[in-house]
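The values are calculated or read from the model by the stated rules, or taken from the named source; none is laboratory data. Please read these numbers as outputs of a predicted model, since none were measured by experiment. As a convention, Cβ positions derive from the backbone with ideal geometry for all residues, glycine included, and neighbour counts pool all protein chains shown. SASA here: full protein model, heavy atoms, side chains in, ligands and nucleic acids out. Shrake-Rupley method; radii C 1.70, N 1.55, O 1.52, S 1.80 Å.
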Amino acid sequence: MKKLYYELEKKRNYYARIKEKAEKSLKGAPKEGRLRVANRKGAPQYYLLTQSGDTSGTYINLSIAKKLAQRDYDRKVVAVAERYCTAIDRFLKICPKQEISALHLDNPGRNKLIQPYELSDEEFVKRWQEVSYQGKNFDTDASEIFTNRGERVRSKSEKMIADKLFEMGIPYRYEYPVQLKGYGTIYPDFTILNTNLRKEIILEHLGMMDNPEYCIKALEKIQTYEKNGIFPGEQLLLTFETAVMPLDTRILKNMFEKFILIHM
């Protein structure tokens, strides 16, 4: 139900923005007259109709014709967008406020007897984080770097990413195995959960992009993701780093707010 609300609010805001743009455009539009478009030897010609019953009109140039056509289009956009906004507002007003995920929480004893159809965000996150898995092993001579949450990671940059996720209250898994066609088992640096949309997003940190060999392997990995339908900016987030351009936590924060904490 919450996801439906988010989607409807997203649509409502989308149509409201379009309506606002069209209304702004109409303020400078011609007030009188109608546009007639005729075809003369395969080329359009434009005429202005001002009198009732006039079917011919006065010939006008392209600039005036554009203004009239845009005005007519804007009027239709305003009408349709307004109907969408009204319909969505009406639905949200009468839609039940209680989430299905909360219907089984009134009595703990009763709660144990049923299998709910929808989990609350808290329950969903709890079960998601409790999933057991085996990540990659560490080399015996690898540095011991631990995050604020207490797990071991492979680099200081990965610690920065993990700590920022933890600080922002975003659920994540470190090196959770994923099966990709044409590659086999892959261990993304982070698998992150957008709780609002209940959607998993992979984050790969590419930390040695000034190393040509590493860069080639990184591009191959990105291409493998894409061949499996996992595209940057959608299910895949990428961070980059070189020896002279370190990871910026401000960019991390903005990225997580935009792609992970979004409601719509």
- Please state the Cα pair-distance histogram of the stretch 178-254 with 5 angstrom bins from zero: what percent is in each bin? 3, 14, 23, 25, 19, 11, 4, 1
- Query: So, with +1 on the Cβ of K and R and -1 on the Cβ of D and E, and no other charges, what is the size of the charge dipole of the chain about its Cα centre, to the nearest 20 debye?
  - Reply: 1900 debye
- Item | Local electrostatic count at Tyr174 - Lys and Arg +1, Asp and Glu -1, tallied over other residues with Cβ under 14 Å | 0
- Task: Go through the stretch 144-161 residue by residue and turn each phi into a ³J(HN,Hα) via Karplus (6.51, -1.76, 1.60, θ = phi - 60°); whole Hz please, and just put x for glycine and proline.
- Result: 9, 10, 10, 7, 5, 7, x, 9, 8, 10, 9, 8, 5, 5, 5, 4, 4, 5
- Task: In whole angstrom, note down how far apart the Cα centers of the stretch 241-261 and the stretch 150-200 are.
- Result: 14 Å
- Message: Positive end of the dipole of the chain, charges at C-beta (+1 Lys, Arg; -1 Asp, Glu), about the Cα centre: which of Met245, Asn194, Leu206 has its Cα farthest in that direction?
- Response: Asn194
- Query: Taking the Cα-to-Cβ direction at Lys24 and at Ser143 and moving 7 Å from each Cα, how far apart do the two end points lie in nm?
  - Reply: 4.9 nm
- Using modelled amide H (1.01 Å from N, peptide plane; none on Pro or chain starts), what sits under 5 Å from the amide H of Met208, excluding residues fewer than 5 places away? Glu241
- Note on the structure: Between the residues Gly184, Ile216, Tyr84, the Cα farthest towards the positive end of the dipole of the chain, that dipole coming from +1 and -1 charges on the beta-carbon of Lys, Arg, Asp and Glu, is from Tyr84
- Quick one: order Tyr73, Tyr187 from most to least accessible surface, probe 1.4 Å. Tyr73, Tyr187
- Query: Taking the simple approach of a point 7 Å from Cα along Cα-to-Cβ for both Thr185 and Lys253, what is their distance in nm?
  - Reply: 3.8 nm
- Range of Cα positions in the chain per principal axis (Å), largest first: 89, 60, 34
- Task: Rounded to the nearest 0.05, what FRET efficiency do Tyr133 and Arg17 give with R0 = 41 Å and r taken as the Cβ-Cβ distance? Could you check?
- Result: 0.45
- Determine how large the accessible area of Thr191 is when every protein chain is in place; take a 1.4 Å probe and give Å² rounded to the nearest 10. 0 Å²
- Item | Given charges at Cβ of Lys, Arg, Asp, Glu: the chain dipole, positive-most of Asn107, Tyr46, Asn228 | Tyr46
- Work out Dmax and Rg for the stretch 132-195 from the C-alpha atoms and quote the Rg first, both in angstrom. 12.5, 37
- Query: Using a simple charge model, +1 on the beta-carbon of Lys and Arg, -1 on the beta-carbon of Asp and Glu, nothing else, what dipole does the stretch 139-244 show about its Cα centre, in debye to the nearest 20?
  - Reply: 400 debye
- Could you run the Karplus curve 6.51 cos²θ - 1.76 cosθ + 1.60 with θ = phi - 60° over the stretch 109-126 and give me ³J(HN,Hα) per residue in whole Hz, x for Gly and Pro? x, 5, 4, 6, 8, 10, 10, x, 7, 9, 9, 5, 4, 4, 5, 4, 5, 4
- Message: For Ser155, what residues show an amide H to amide H distance below 5 Å, using hydrogens built from the backbone and excluding near sequence neighbours?
- Response: none
- Task: Tell me which residues come under 5 Å, amide H to amide H, from Leu237 once H is placed; ignore anything under 5 positions away on its chain.
- Result: Ile202, Leu203, Glu204
- Note on the structure: Once all protein chains are kept in place, Met209 shows an accessible area at probe 1.4 Å, nearest 10 Å², of 50 Å²
- Message: If you take every residue apart from Lys21 with its C-beta less than 14 Å away from the C-beta of Lys21, what net charge results, scoring Lys and Arg +1 and Asp and Glu -1?
- Response: +3
- So what's the stretch 73-188 giving for Rg/Rh, alpha carbon basis, Kirkwood Rh from the mean inverse pair distance? 1.19
